[in-house]
Structures are given as C-alpha cells and as structure tokens.
Amino acid sequence: MTKAMSVAAKTKQIVKKHGNDKSGMIAVLQDIQETFNYLPKEALKAAAKAMKVPFSRVYEAATFYTAFSLKPRGKNIVKICLGTACHVRGASALQDKFERTLGIKPGETTKDNKFSLETVNCVGACALGPVVVINTDYHGQMTMKKIDKIIDNINKEGAQ
Amino acid sequence: MVNFTVDGKNISAPKGTMLLEAIRGAGISIPTLCAHEAVSRSGACRLCVVEIKKGNRTRIVTSCLYGVEEGLTVNTKSDRVLNVRRLVMELLLARCPESEVLQKLAKELCVEPQARFVADTDKGKCILCRSCVRVCEEVVGVSAIGLFARGPHKTVGTPYNEKSDACIGCGACVYVCPTGHIEMTSTGDKRKIWGRTFKMQACSKCGKFFAPADQLKFISRKTGTPLEELKICTECR
Ligand code: SF4
Ligand code: FES
Ligand code: FES
C-alpha cells in the first residue's frame, strides 16, 4: 500500500513538472519510466488523473511506443539493432548469441534482474553496424568476442 | 448549391456535403463499413473509395471524407476504383474471415478469399476502425476503451484488458461497430460487456429491465436529473 502511495505521489510530481497538462504526456511517460525503470500501472493511472486524460488514452500511448515498457526491466538494458544495415551485417547472429548467453528472449529479463533484452529497428548509427546499445552506450562493429567481454565487465561491476 | 457529375450524371448538393451522401442521394450505391451517423468520420475502412477528376488530374479519395466541389467529375465504377475496392475487401476478409458482415459484403462485391493473404485467426471480427473508441469518447463521454499496441498486435479493448471502472455498460460501442466484434450479452437483470457484468435497472412502472444502473447514475450526474426520474423506461415515460 505504501508503495502504491509513493508511486502515485511521485507520478503527481512528475506530471506537475510538465505543467499538469496532457500536452506533456510523452515527456511524463518518459520520466515515469526513468524513475521506475518501467511504467507501473499505478503510475499510469495517477498520471491520467493528474493530466485529466482518460486512462485509456494514456494506455494507448504507453503501448504504442516500443520505447516504453509495461513490465519491470533489468538493471542493464541491451538493445540489439535489427535495422536493415545492421541486419545485413549479421545482427541476428548477435541476437542468438545474446539470447544464449543471457538465457532470455527479447522482451524478457534475467532472473537476477541484471539484464533485459530488447530489439530495435535502426538506432541511426548504421555506419557503425552492427550496433548494440547497452543502457546509454553505443557499441559499434559488434562481434561475438566483444559480447562476452561486455557481459563479463557488467557482471564484474555488479559483483563489486 | 454545388454542381458536379457522378458517373456522367449531373448532381447538385449543398456546400459541405460529403461525396458519399451526395452520391447515395443520387441513387448510386457505395459500400461502406466505418461511416456511421453517430460518430465522426475517420476514413478507416477505405471501402468507400471513388475516383475524382479535377482539370486533367485524377485521384482516388475516400468519399465519406471528401466534400463536394464545384465542377468535380466523380467516377464510382472505373476500373481503378473497382481494383482498389477489391484489394481493400480482400485484405479485410483476410483479417476477419469469421465476420458475417464482411463475408456478405465480399459476396456482393464478388470478392473471394485470396491464398496470397494468409487469413488471421486471432483478430476476431475487428477491422480497427476506431468507431467504438470514438463513440465512447465523443458521444458517451467516458473513454473506457481504446486501441492498444501497434502494427499487427493492435487490438481494441479496455486498458490491461481488465474490467473498466469508467465503462457504464451503455453498449454504444456495440451499436456502432460495423462488423459485430464487440460481445454484449443480456440475461434478465444482468448485462455483460468488455468482461464486466452490469446490474440492469428495472423500470419503476412496468418492471422491465431497460438500462444498466451505472448508466443511469452517470446520466444523472452529468445532467443533474434526479436518479428516480431516470428509473422509468422510455415506453412508460
Ligand atoms: S470493435 Fe468494431 S467498432 Fe471497434 S474498432 Fe473494431 S471493428 Fe471498429
Ligand atoms: S540499422 Fe542499425 S543503426 Fe541503422
Ligand atoms: S466509409 Fe469511408 S473509409 Fe470507411
């Protein structure tokens, strides 16, 4: 209950920051996701109320953009680019590699909550393809070897 | 009055009339699905296409959304129109093979299911025209439903597919849906829609169950009419 309260309260603050108005809806959703790492149901309900927008409209926006997640996600978000340029440079093999190494499929999160896997269609860095974005870092010219190294590094950092 | 021709016939209609109404008014039939008098137009189904000619340029437009224009030449049966309409119908049929409305319309338009469009099995009868969502927002004013997700995953429903506390059980969405996708069942004092069961109000005069209690409460709140006055069905009023 206290958690639900604090989610709603926090959401209200976020909506207020964006002018308590529906014109800031996408920015509000981005901020909610930034805060909670995903879009909790209570937050969407609270945001709809504060912006005076029907809950169904907010849910439409939240489900339309692939950048939004309705499920809790891991600490590290791995986005594999499957856009055309990355695809022809072997992005699907990289996807296989990530799936095998982490034991999850796109849209899923590892049991230890360390990694979530997502796929995107072109991140606008085609010349560097194949591209994998981990959190906010762009890794270009990705190879199988590099994947092992990156995952190792993140696991080590987590162990500190 | 605005003057123009449709299939070679001279027609005039008041300014602001949509081509669809003007053409039908002249006794020429046009198939439609999403145009409904209770909702604003969306141009979603694309069945009402016609070909228009201005100067020496021709193009395909949706007649339900195109206002009449002086001197326009409209063709409702050109090869181009028939081709576009057939393709639209084939795609709709592949999306909702089980919709009787679509089956019937396809038959009328001599359209058969096409092997190259693999039939969907998970879309029900919904063509995603958004009419139900519009009526719920524009006319009823509760916005209980929406179209969620995108692309091939897009579906109509309530948020999270849960029972909606915004829904008043009025059934306006069922009324405007062109394909019969939305299920509403009524048994005695209960009505079920969008996964929620509503209690029906019995008329205080004749005792007939005539409207969901939640709908009457909503109307009372909105219009300021005392609830007791609303508990009489239209026939007894
Ligand atoms: S349920 Fe009916 S009215 Fe609603 S979007 Fe689907 S086809 Fe249109
Ligand atoms: S296709 Fe991967 S960055 Fe453009
Ligand atoms: S009736 Fe015109 S697009 Fe559906």
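The values are calculated or read from the model by the stated rules, or taken from the named source; none is laboratory data. The model shown is predicted, which means the values in this text are computed figures rather than measured ones. So basically every Cβ, Gly included, is an ideal-geometry build from the backbone, and we count neighbours across all protein chains shown. What goes into the accessible areas is simple: the full protein's heavy atoms, side chains included, and nothing from ligands, DNA or RNA. Shrake-Rupley method; radii C 1.70, N 1.55, O 1.52, S 1.80 Å.
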Quick one: B:Ala35 ticks every box in (1) modelled with pLDDT of 95 or more; (2) away from ligand 3 (no atom under 16 Å from the Cβ); (3) open to solvent by 20 Å² or more (accessible area, probe 1.4 Å) bar one, so which box is it? (2)
Just to be sure I understand, how many residues within segment A:51-67 are over 24 Å from A:Ile151 (Cα atoms) and more than 9 Å from chain B (Cβ to nearest Cβ)? 3
Taking segment B:157-179 as the search range and keeping residues that are hydroxyl-bearing (Ser, Thr, Tyr) and not in a loop (DSSP other than H, G, I, E, B), which one is most open to solvent (accessible area, probe 1.4 Å)? B:Tyr175
If you go through segment A:51-63 one residue at a time, how many are open to solvent by 20 Å² or more (accessible area, probe 1.4 Å), within 22 Å of B:Gly141 (Cβ to Cβ) and part of a helix (DSSP H, G or I)? 4
Looking only at segment B:99-109, filter to residues that are open to solvent by 20 Å² or more (accessible area, probe 1.4 Å) and either within 14 Å of another protein chain (Cβ to nearest Cβ) or among the aliphatic types (A, V, I, L, M) (or both); which one of those is farthest from ligand 1 (Cβ to nearest atom)? B:Leu109
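Being assigned to a strand (DSSP E or B), more than 17 Å from B:Cys170 (Cα to Cα) and open to solvent by less than 60 Å² (accessible area, probe 1.4 Å) is the filter here; which residues of segment B:110-155 pass it?
Hits for segment B:110-155 are B:Leu147, B:Phe148.
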Could you check segment B:131-168 and list, in sequence order, the residues that are at the interface with chain A (Cβ under 9 Å from one of its Cβ atoms), in contact (Cβ under 8 Å) with a residue 40 or more places away in the chain and more than 15 Å from the chain's Cα centre (by Cα)? B:Val142, B:Ala144
Segment A:16-38, residues that are closer than 18 Å to A:Phe55 by Cβ and open to solvent by 60 Å² or more (accessible area, probe 1.4 Å): A:Asn20, A:Asp21, A:Lys22, A:Ser23, A:Ile26
From the options B:Ile232, B:Ile182, residue that is buried (at least 17 other Cβ atoms within 10 Å of the Cβ) and outside any helix (DSSP H, G or I): B:Ile182
